[in-house]
Amino acid sequence: MFLLDDSGSMQFELMPDDLTYLSARYIYPRANDLYGGSDYTNRVPTFNTSGDAAIFNAITRSPQNNSIYYNPSTTYEPWTKEDGTLFQAENPSQAYHNPMDESKGSRNLQQENSFQMNGNTNSDKWVECTKPNDCNLQERTERFWPAFYYWYSGGDSESEKWKIANYQRVEIKRQSDGGADTYTGHSREFRHDCADADNATCTYEEEIQNFANWYTYYRSRILAARAGIGFAFVQQGSGMRVGFGTLNQDSNDVDGVSTDVIDDGVRVFQGSDREDFFDNLYERTLSAAGTPLRYALDKAGQYFERSDNKGPWGANPGTDDNTEHSSCRRSYTVLMTDGYWSGGSSNDADEANARKNVDGSDGPTITGPNGLSYQYKASEPFKDNRDNTLADVAMYYWNRDLRPDLDNNVAPLKKNPAFWQHMSVYGVGLGVSGKEDPDAAFKAIEDGTTINWLDPKSSYSNCTDSGAGDDACRARSDDLLHAALNSRGGFFNAANPEDFSNELATVLQTIAVETRSSASSIATNSTRLDTGTLVFQARFDTRDWSGQLVAFDLNPDGSLKSQVWNTDTTGKIPAHGSRNVFTSQGTAGSLLTSALDFTDGNWDSLHSTQRAALKDGSSDADGKALLNWLRGDDTNEGSGLRIREKLLADIVNSDPFFVGNSENFGYAQLGGAEGAAYPTYLTDKSSGKAGRTAMLYVGSNGGMLHGFNANTGEEVFGFIPRSVYSGLAELADPDYSHRYFVDGSPSAGDAYLNNSWKTILVGATGAGGRSVFALDVTDPSNMGASKFMWEFASNGSSTDKLGVTMSNPVIARLDANNKWVAIFGNGYNSGDTVKLMIVDLATGALIKAIDTEVSGNGNGLASVIPVDEDRDRITDYVYAGDLKGNLWKFDLTGNNTNNWDVAIQNNGNPAPLFKAVDDNGNPQPITAQPTVGRHETSGLMVYFGTGKYFETTDAEVPPNPQIQDFYGIRDQGSQVSRADLITQTIIYEGTGTLQNNVGDDSDNTSTSQEVRVVSNNSAGTPVAHGWRLKLLSPGATNGDGERVYSRAVLRDGRIIFTSNIPDSDPCGVGGNGWLMEVDANNGGRLAYSVFDINDDTRFTDGDYIKLNGTWVPVSGLGHEEMIKTPGIIGAGEKEYKYTSGTSGNIGVTREKGSSGDLGRQSWRQLK
């Protein structure tokens, strides 16, 4: 809720109030009824240019003293409309007094003006002062040049301010002697409307236009406030609900309830509601009224207590939509004022309890989920010993549950522990100041420092009343800060319009309703639990689309011990001047093999198309500013570029990849020089030069692939692919709407290139672009542009086109020419058929694109898995699925690349090994990377689930969603049909009763944990062609949207996979998931327990549940959030599975252990 100060002082054309000697409130003679309401006396400082009285003219018309007067260092743009376009630039010869009401008249700024003050109209008189408090009123006619300013160069003392010698008068008028019409200096280098601003020089046309814009759009407090508020709000998108009110709004019907102050209830900030906000902002009338902040804030609080469907918590405020109310919304009131609140009982809070000393008394106890409990205890720095303050009103609507009928599931913030429905206040001051420093005051929340809040003397109507005391006005300003502090909101006080707009934009960027989440898989630095084992998690925060990497160490029982490092810590991302960032160089849509450091010093070396993308239609200076912003420079944040609290952008779909110094891929088995040299390379990377630095690689939607020191969390380098340049300018837009950049998951492996072993990282831009890239990460301590290898992309004229690269590339060694390659699908929406792309790992050159001859329109190849069938470390086959349900097998055997092809042919045409369809014959999309193992007797087994979750619409579950399956398909060299498969089903889902009297007394008798049991059809019998597990709850006819989109893990005869069920509830965590473990041979339930259901650290019959009178092991565990492929760490007879969920938490599941190797992501040797 935004509350605009519509008090009479907002009409004033001087700021601060100290300048209004003898009620000189206007800087030019004003028109009557200028803002549509009552006026004050028409008193104006004289325009004297000589004599003792000239000093008051200089003081009131210099920007250093009158902070809303014309400042030549500022560019005054016309107001913005709701769509971001601007009002018209003002005509200097006809500059309107009020841009929303031309009938009030205008002023010609290009000729001499004349005005008579005779006391007959609104007591109009000139105010003449020669020194402080030595002022008098004059009635006379004055002639004056209207476009001018005084530039002050004196010191800070009051005496210096009253010396005319400290002022330079500058008139904006054409030179009568024919001289150059230019204006230089006075900080004009900060202007962006002057062609020669670099030399602090503006032409007459530029200067008079700027002055005219100031006169019409910024001259008074209300005009300047409207400008700043408009520019701040136009940057906001539809992710915010906004309401509008004014301090002196009379009784008004707001969504069926009569109330003062509030004019419009909160609405999604788009369409006609957005237009209404701007109309209210610009057109609201002003009267000579007071500043009832306490009353107004109380009315805002009452609004947020509404429980009807039309209220602020309703699914669609303003309508009778009876959908469940959104209990997780945060509610804010932004309270804007130019002055000190009005006292007296008529301006008190309407609610009697809000007038008590609320912050000086303990609050009610509030309970929440998972045993949460909170009670405000009167403490520093919140409490004082006075009642009836603005701070008390704010505390009243913060420390109580405003909607006790709703679940208390508001996500708490670091600075705001409230998990209940409450109201936070942001105080916004224009030209007012208090005693307390806002930064120090908010820091006092952390350390409990005492603040001796001044007494605002609420019984006095005005803080300037006789008897109120010298500190009363400062106290009332501080009371606004105190209100923000009590409600865990924020505060700023701006001395001029430019700061006001920038600070308000910062406030609005801070306000959000969503919190930290995670959608990436867990990475670990070891497959065995030992001292030094770490778990790595990537997170993202939709509030500001920032990202975070966190490392945890582990306790001996596998539980998380503590954070080892966190990229939020200052210094983990280096300062922008020393940050190591490089970028590929060249034109988009082609193979690139060169790179350079991403610095403004290399601006001219960037390709012209890259410079154009960074400039985004602006100047080179703007492009360099964006470049430096991307590196982390915050100089221009809030001045055209988006403000960031954190430098690391959101990490959504990119799974962190750990590369240490002990990975052994077994390449010593290769023949010739490469096999012979591999053991030496293993020694070099593990112990040479004290061992290679362990690294963690991950992509972010800040446009970079990042490399972090896995031991310390410090960023080592960042790489910007060429394919993301088209969107980089959007990243810095204050109205940024989220998009993807480097969203694919990187992987790395060893390869023998140019007669030496190296470690190569391959990555893709994922949903963020259309390219695949490779970096040499052999020596992380020496990363830079020279370590860039290539970036592969295509264009519309390419024979083989690359689409959106959701397929993560893998590294493989092939038989043909002993070639090391990167393999990946050609992506979704490529404009081509579905193809497998094979490129030279050393150069990025395309070796072959194997065509499935299936249309790529709305289709694409998912992530691939290379398979080494004969254990010689050379890839033989590649498997991958597509969106049409086709499971493809590609044959890469032999030393002739011409023979590489789709392995299964039907009458000479490529054919899939298997086509996944539902019971109605509709294709089931395959987006997960398959997992491959050996069949019990012969052939291979390929495991994968169906479903997708990468398009916006995938988060919405339709009324009758398609039922998906998890498959195990036997590959014997010929096609497999669905009818050939054994079908398993989920036969139990819910809470289970544990077997009793087994083991010792530590066994429990029941559990509230959601579990699943699957059927065991054909138990003990090897399946001939494969199996499928139907992802449908027992007894259900229709599905609930469950799908599989993450890679499965094959471990000790078990296939382990996760499935997820999206939920569009805005107060949820995106959905829920299942961790499933079934028999890899037939897809049925295992014959033993792998889950420690009774939490006794053992795996016995005590972990069975009772089903139809029989005790059976569990096949799956429910999670209250969506999860991806778990990270697995073994510990002898136990192993621990770590899942990163959409709530941002890490789940730890203790399971039965295995002696098997976890394998590598970059290749698969079948055991």
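State the dimensionless ratio Rg/Rh of the range 575-793 (Rg: radius of gyration of Cα atoms; Rh: Kirkwood radius).
Values: Rg = 18.1 Å, Rh = 18.1 Å.
My calculation puts Rg/Rh at 1.00.
Computed over the Cα atoms, what is the radius of gyration of the range 265-369 divided by 2.2 N^0.38 Å, N being its residue count?
Working: Rg = 16.8 Å, N = 105, 2.2 N^0.38 = 12.9 Å.
Dividing the Cα Rg of the range 265-369 by 2.2 N^0.38 Å gives 1.31.
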Answer in debye to the nearest 20: the dipole magnitude of the range 575-793 about its Cα centre, from +1 Lys/Arg and -1 Asp/Glu charges placed on Cβ, is 340 debye
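Using only alpha-carbon positions, what ratio does the radius of gyration of the range 28-218 give when scaled by 2.2 N^0.38 Å? Working shown, then result.
Values: Rg = 17.3 Å, N = 191, 2.2 N^0.38 = 16.2 Å.
Compactness ratio reported: 1.07.
Given charges of +1 on the Cβ of Lys and Arg and -1 on the Cβ of Asp and Glu, with all other atoms neutral, how large is the dipole of the range 168-243 about its Cα centre, in debye to the nearest 20? Display every interim value, and only then the final one.
Details: 9 positive and 10 negative charges, 136 e Å.
Roughly 660 debye for the range 168-243.
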With no solvent term and unit scatterers on the alpha-carbon positions of the range 140-209, Debye gives log₁₀ I(q)/I(0) at q = 0.12, 0.13, 0.24, 0.26 Å⁻¹ of -0.43, -0.50, -1.08, -1.13
Projected area averaged over all directions for the convex hull of the alpha carbon atoms of the range 141-268, nm², comes out at 14.2 nm²
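Once you wrap a convex hull around the alpha carbon atoms of the range 210-274, what is its projected area averaged over all directions, in nm²? Walk me through the intermediate numbers first.
Details: hull surface 22.4 nm².
Across all orientations, the range 210-274 yields a mean hull projection of 5.6 nm².
Ranked by Cβ crowding within 10 angstrom, fewest neighbours first, how are Met100, Met117 ordered? Don't skip to the answer; put the middle values down first.
Working: Met100 16, Met117 22.
Fewest-to-most ranking of Met100, Met117: Met100, Met117.
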Binned at 5 Å from zero, the C-alpha pair distances of the range 326-378 give percents of 4, 12, 11, 20, 21, 16, 9, 5, 2, 0
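With viscosity set to 0.890 mPa s and temperature to 25 °C, compute the Stokes-Einstein D of the range 330-472, Rh being the Kirkwood radius across alpha carbon pairs; µm²/s, no decimals. Mind dumping the intermediate values first?
Values: Rh = 16.6 Å.
Approximately 148 µm²/s, per Stokes-Einstein.
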When the charge dipole of the chain is computed with +1 on Lys and Arg Cβ and -1 on Asp and Glu Cβ about the Cα centre, the Cα farthest towards its positive end, among Ser639, Ala551, Phe966, belongs to Phe966
Rounded to two decimals, the Rg over Rh value of the range 223-513 from Cα coordinates and the Kirkwood Rh reads 0.94
With Cα coordinates, the longest principal axis of the chain makes an angle with the long axis of helix 472-486, in degrees rounded to 10, of 10 degrees
Computed over the range 529-664, the distribution of all Cα-Cα distances in 10 Å bins, rounded to whole %, is 10, 29, 32, 19, 9, 2
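Give the shape of the range 96-205 as rounded, prolate or oblate, defined through the alpha-carbon gyration tensor: a ≥ b ≥ c are the square roots of its eigenvalues, a/c under 1.5 means rounded, and otherwise the shape is prolate if a/b is larger than b/c and oblate if not. Intermediate results must be reported in sequence, preceding the final value.
On the way: a/c = 2.08, a/b = 1.26, b/c = 1.64.
Oblate.
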Residue-normalised 222 nm signal for the chain, counting each DSSP H run of n ≥ 4 as -39,500 (n - 2.57), nearest 500 deg cm²/dmol, is -4000 deg cm²/dmol
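Let's see if you can work this out: charge +1 on each Lys and Arg Cβ, -1 on each Asp and Glu Cβ, no other charges. What is the dipole magnitude of the chain about its Cα centre, in debye to the nearest 20? Write out the running numbers ahead of the final one.
Details: 100 positive and 155 negative charges, 503 e Å.
Here the size comes out at about 2420 debye.
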Shape descriptors of the range 697-856 over alpha-carbon atoms, Rg and Dmax in angstrom, are 16.0, 52
Tilt, helix 672-687 to longest principal axis of the chain (alpha-carbon atoms), in degrees rounded to tens, equals 50 degrees
Using alpha carbon centers only, the range 827-903 is separated from the range 112-185 by a whole-angstrom value of 79 Å
The distance between the Cα centres of the range 464-499 and the range 1062-1128, in whole Å, is 57 Å
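As an exercise, find the ratio Rg/Rh for the chain from alpha-carbon atoms, using the Kirkwood inverse-distance average for Rh.
Working: Rg = 34.8 Å, Rh = 33.6 Å.
Ratio value, two decimals: 1.04.
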Eigenvalues of the alpha-carbon gyration tensor of the range 757-826, times 5 and square-rooted, give semi-axes in Å, largest first, of 22, 17, 11
Once normalised by the length of the range 575-793, the mean sequence separation of its alpha carbon contacts under 8 Å that are 6 or more apart gives a contact order in percent of 24 percent
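Each value in this text was obtained by applying a stated rule to the coordinates, not by laboratory testing. All values derive from a computational prediction rather than experimental measurement. Methodologically, a virtual Cβ is constructed for each residue, glycine included, from the backbone with ideal geometry; neighbour enumeration extends over all protein chains shown.
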